[in-house]
1. List pairs: first residue in segment 140-164 and closer than 20 Å to GLY195 by Cβ, second residue among the acidic types (Asp, Glu) anywhere in the structure, Cβ distance under 6 angstrom, at least six positions apart or on different chains.
2. Taking the options GLY195, GLY143, name whichever one is exposed (fewer than 12 other Cβ atoms within 10 Å of the Cβ) and small (Gly, Ala, Ser).
3. Please go through (1) at pLDDT 95 or above; (2) closer than 18 Å to PRO120 by Cβ; (3) not in a helix (DSSP H, G or I) for VAL184 and return the number of the only condition it doesn't satisfy.
4. Please go through segment 208-235 and give me each residue that is loosely packed, with under 13 Cβ neighbours inside 10 Å and modelled with pLDDT under 95, ordered by number.
5. How many residues are in contact with a Phe, Trp or Tyr (Cβ under 9 Å, 6 or more places away or on another chain), part of a strand (DSSP E or B) and not charged (D, E, K, R) when one looks only at segment 189-228?
6. Would you check if LEU169 is in contact with a strand residue (DSSP E or B) (Cβ under 9 Å, 6 or more places away or on another chain), outside any strand (DSSP E or B) and buried (at least 17 other Cβ atoms within 10 Å of the Cβ)?
7. Please list, ordered by first then second residue, the pairs with beta carbon atoms under 8 Å, 6 or more apart or interchain, first in segment 99-126 and assigned to a loop (DSSP other than H, G, I, E, B), second open to solvent by 10 Å² or more (accessible area, probe 1.4 Å) and charged (D, E, K, R).
8. Hey, among the residues in segment 170-213 that are in contact (Cβ under 8 Å) with a residue 24 or more places away in the chain and basic (Lys, Arg), which one's farthest from SER230 (Cα to Cα)?
Amino acid sequence: MPLLDHFHAPLRARRPWGGLHSDWASSIARQLNRKLLPEQFVAIPNVYFGGRIEIDVATVEEAYKADATREGGAATATWAPPRPTVETAVEFADLTAVEVQILDQEAGQRLVAAVELVSPANKDRPDHREAFVIKCASYLQNGVSLMIVDIVTSRAANLHRQLLELLKLPTARNGRELPDLYAVAYRTFTVKEKGTLQIWEESLALGKPLPTLPLWVTPELVVPVDLEQSYCETCEALRIPS
């Protein structure tokens, strides 16, 4: 099935991208669990579209009042913290995540690999882009194999390129740079105390089929992630015509 544009009319209104990404992550997890992963490992989709938990301001004020009462010598039933020495407004990047996590069940659910499906929110602002690539770099630094799939046509930022820049690596291969639609697999390992990063890059294009990329689960175990199969299954499930 050819790759479709899910971020412009007509599909944008008929089949919002959030539904596609959510089901695609589940389809990739099913593919891995049914056919490819030994029983020791499990693939779990993880989808988060933002929205922080807010604290009730009145609750904070009540804590301060309780603190004042305690300082005045009155008995209190519970301990209350003192007022903070600094209180200021701050804005954190509320990172949207659509990913598949591969966990080692025999090692305390340790994360060993991840597939990241890029969302428009990951690309729309500098702080969102920075948060995404820092997260990916942290995965690689901790030996977690990684795959990034970007089919977002409504934003031009290239997160793979930004990740390479963060790692201080060249962004061009044979004189060319990867386009803004791509699928990339990464693997890190250490040999004789020297870290090595391996990268498999595939360009994506509307109207073309999706590739199969390697995902390393252990140093000895690599599984093929058939993006075309999972994408077709998702489009069929959501009744998206080709």
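The values are calculated or read from the model by the stated rules, or taken from the named source; none is laboratory data. Small disclaimer: the values here were computed from a predicted structure and weren't measured. Positions of Cβ are generated from backbone atoms using ideal geometry, with glycine treated the same way; all protein chains shown enter the neighbour counts. Quick note on the areas: whole protein, heavy atoms, side chains included, nothing else; ligands and nucleic acids left out. Shrake-Rupley method; radii C 1.70, N 1.55, O 1.52, S 1.80 Å.
1. Hits for this filter: ILE148/GLU116.
2. Values: GLY143 fails: exposed (fewer than 12 other Cβ atoms within 10 Å of the Cβ).
One residue alone meets the criteria, GLY195.
3. (2)
4. PRO219, GLU220
5. 13
6. On the way: in contact with a strand residue (DSSP E or B) (Cβ under 9 Å, 6 or more places away or on another chain): yes; outside any strand (DSSP E or B): yes; buried (at least 17 other Cβ atoms within 10 Å of the Cβ): no.
No, not satisfied.
7. Every condition considered, the pairs that remain are ASP124/ARG155.
8. The extreme case among them is ARG173.
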